[in-house]
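Bear in mind that the values in this text are calculations on the coordinates, not laboratory data. Everything quoted here is computed from the prediction, not taken from an experiment. For neighbour counting, all protein chains shown are included, and Cβ atoms are generated from backbone atoms with ideal geometry for every residue, glycine included.
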Amino acid sequence: MPKHTIAVLEGDGIGPELIREAVKVLRAIESRSGVHFDLQYAPFGGRAYFDTGASFPEETKAVCDACDAILKGPIGLSLEDSRKIPVEEQPERGALLPLRQRYHTYANFRPVYLPPELIHFSPLRPDRIQGGIDIIMIRELVGGLYFGEKEHGETQEGLRYVKETLEYDESEIRNIVQVAFEEARKRRSILHSVHKSNVLMSSVLWNDIVFELAQHYPDVQLKHIIVDAAAAALVLNPQQFDVMVMENMFGDILSDLGGGILGSLGLMPSACVGIQKSYYEPSHGSAPDIAGKGIANPYSMIGSVALMLEKSFGMEEESRQIWNAMRQVFGAGFTTSDLRDPEGKLKIISTSDFGDRVVSALQS
Ligand code: NAD
């Protein structure tokens, strides 16, 4: 029987609730595909820090090193709880960025997808999104401002100051832009390159590389858009977009806007792809405001499982079945409480009920 070993990092806040549903779906796929998933749970994030003294403990690194792919719940604490942890061990700095760096997961795929029958979830006017929303945002994930050198201290005048650097070399830009051209080719062949070259030198180099690579992709319609204009365009006319590519921080911000136009961050799964190893996580955070209430939307986590099956294990058919199963649950009139129900006709279900219904749809 084929076997895949998966490191499962439950994370913080709603992480464990979401992972439970993802695992139900994995087990359902297991029984219908004959593929065995060996799940290796390991601590990661804020809770890991409080339990072990490290937010990315050595034992977790060993589990991740040995696995075929990593399934990660969101991590992070409320601002108040974060401040109880030394700055360098706070979940993003101490766990998330080191995870990305360790496996060089440079290509972050964030689907912003709402099929036509679900556009009532979106806060946008229906006439602007008839036919649905279908965008892939591709975010560079291991460079730029988040990974640049940092310095802080006091000026000669006694003022506290901070300095952070934004660095990219041409190979880092070329790698991510190439991924985006290839992805565009598989879809509608429209690529929007998001930049800020009117202000940032990093974007001037970005655009140089984009122009160079474009010569190898004459079949892809290339469009350039400044990041602030892209934010407005996503709200006013999201249907113009197919694939969007951008540097790390632009992608962090614009992809949450993507979740906003869908109607909830709970509809935002993601794949963080490296050369050797990839990990899969919802695009959103640990949502401390709703943790433990059983109301979080597990679509983002189950969608991350679908992306893992497709990208890490070549199980495209099973991945498609998961997307279809989730659409069936919504199509049958069920929803989670984060999503809009303008006509008041939908039945609100819990996190675990949603997972159970996805499993039933897979089994039927
Ligand atoms: P968040 O993404 O956790 O939540 C923003 C809003 O979206 C909240 O109202 C939340 O309830 C809602 N939401 C998010 N996911 C949802 C879901 N699946 N179902 C229903 N509603 C959902 O952002 P935040 O509150 O700014 O951050 C909380 C923590 O998460 C912080 O510590 C932050 O640093 C961390 N974070 C982690 C990651 C990650 O693990 N990759 C990403 C972003 C933020």
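Separation between the HIS104 and ASN207 pseudo-spin-labels, each 7 Å from Cα along Cα→Cβ, expressed in nm?
Between HIS104 and ASN207, the simple spin-label model gives 3.0 nm.
What nm value, rounded to one decimal, do you get for the distance between VAL87 and GLN221 when each label is placed 7 Å out toward the C-beta?
Calculated label separation equals 4.7 nm.
Find the centroid of the Cα atoms in the range 30-66 and in the range 302-324, then give the distance between the two in whole Å.
20
With springs only between Cα atoms under 10 Å apart, run a GNM on the chain and tell me which of GLY148, GLY158, GLY13 wobbles the most.
Looking only at GLY148, GLY158, GLY13, the largest GNM fluctuation is found for GLY158.
Can you work out the Karplus-derived ³J(HN,Hα) for every residue in the range 323-330? Use 6.51 cos²θ - 1.76 cosθ + 1.60 with θ = phi - 60°, whole Hz, and x for glycine or proline.
4, 4, 4, 5, 4, 5, 4, 5
Which of the lysines could a cross-linker bridge to LYS84, judged by Cα under 22 Å and excluding same-chain residues fewer than eight apart?
The reachable lysines, counting only those whose Cα sits under 22 Å from LYS84, are LYS150.
Quick check for you: which residues of the range 1-45 have the amide N under 14 Å from the point 7 Å beyond the Cα of LYS293 toward its beta carbon?
Answer for this model: 14.
Taking the dipole about the Cα centre of the chain, with the C-beta of Lys and Arg at +1 and of Asp and Glu at -1, give me whichever of PHE330, ILE253, ALA229 is farthest to the positive side.
Of the candidates, PHE330 comes out farthest on the positive side.
Enumerate the amide H contacts of SER278 below 5 Å, restricted to partners 5 or more residues apart or on another chain; note that Pro and chain-start residues carry no placed amide H.
ILE70
Pairs of alpha-carbon atoms within less than 8 angstrom and 6+ residues apart define the contacts here; what relative contact order does the chain have, in percent?
22
Which ³J(HN,Hα) values in Hz, rounded to whole numbers, follow from the phi angles of the range 204-212 under the Karplus curve 6.51 cos²θ - 1.76 cosθ + 1.60, where θ = phi - 60° and Gly and Pro get x?
Once θ is set to phi - 60°, the couplings for the range 204-212 become 5, 5, 3, 5, 4, 5, 4, 4, 4 Hz.
Quickly work out the LEU39-to-MET1 label distance, labels modelled 7 Å from Cα along the C-beta direction, and quote it in nm with one decimal.
Label-label distance for MET1 and LEU39, simple model: 1.5 nm.
What is the set of long-range amide H partners of GLN40 at a cut-off below 5 Å, with H atoms built 1.01 Å from backbone N?
ILE6, ALA7, VAL8
When the dipole is taken about the Cα centre of the range 125-235, and only Lys, Arg (+1) and Asp, Glu (-1) are charged at their Cβ, what size is it in debye, to the nearest 20?
660
Distance from the Cα centre of the range 327-345 to that of the range 102-159, in angstrom?
Using only Cα atoms, the two centres lie 25 Å from each other.
Apply the Karplus curve 6.51 cos²θ - 1.76 cosθ + 1.60, θ = phi - 60°, to the phi angles in the range 251-264 and return the couplings in whole Hz, x for Gly and Pro.
Result, rounded to whole Hz: x, 4, 7, 5, 6, 5, 5, x, x, x, 6, 6, x, 6.
Given R₀ = 51 Å, FRET efficiency for SER360-GLU164 by Cβ-Cβ distance, to 0.05?
E between SER360 and GLU164, to the nearest 0.05, is 0.60.
Does a label point 7 Å from the Cα of SER171, set along Cα-to-beta-carbon, have any residues of the range 81-116 with amide nitrogen under 18 Å, and which are they?
101-107, by backbone N distance to the label point.
Which is farthest toward the positive dipole end of the range 131-212 among ASN207, ALA180, GLY143, measuring Cα position about the Cα centre, with Cβ charges +1 (Lys, Arg) and -1 (Asp, Glu)?
Of ASN207, ALA180, GLY143, it is ALA180.
Magnitude of the Cβ-charge dipole of the chain, K/R +1 and D/E -1, about the Cα centre, nearest 20 debye?
1000
Given H placed on each backbone N at 1.01 Å, which residues far from HIS195 in sequence or on other chains put an amide H within less than 5 Å of it?
Hits under the 5 Å cutoff: ILE225, ILE226, VAL227.
For the chain, what is the mean residue ellipticity at 222 nm derived from helices alone (per DSSP H run of n ≥ 4: -39500 (n - 2.57); sum divided by total residues; nearest 500 deg cm²/dmol)?
-12000 deg cm²/dmol, from helical runs alone.
What's the FRET efficiency of SER189 with LEU97 using the Cβ-Cβ distance as r and R₀ = 30 Å, to the nearest 0.05?
Efficiency computed from Cβ-Cβ geometry: 0.35.
Where the only charges are on Cβ atoms (+1 Lys, Arg; -1 Asp, Glu), what is the dipole of the range 1-131 about its Cα centre, to the nearest 20 debye?
380
Within the range 255-287, what residues put their amide N at less than 20 Å from the label point 7 Å along the Cα-to-Cβ vector of GLU117?
Under cut-off, by backbone N: 262-264, 267-268.
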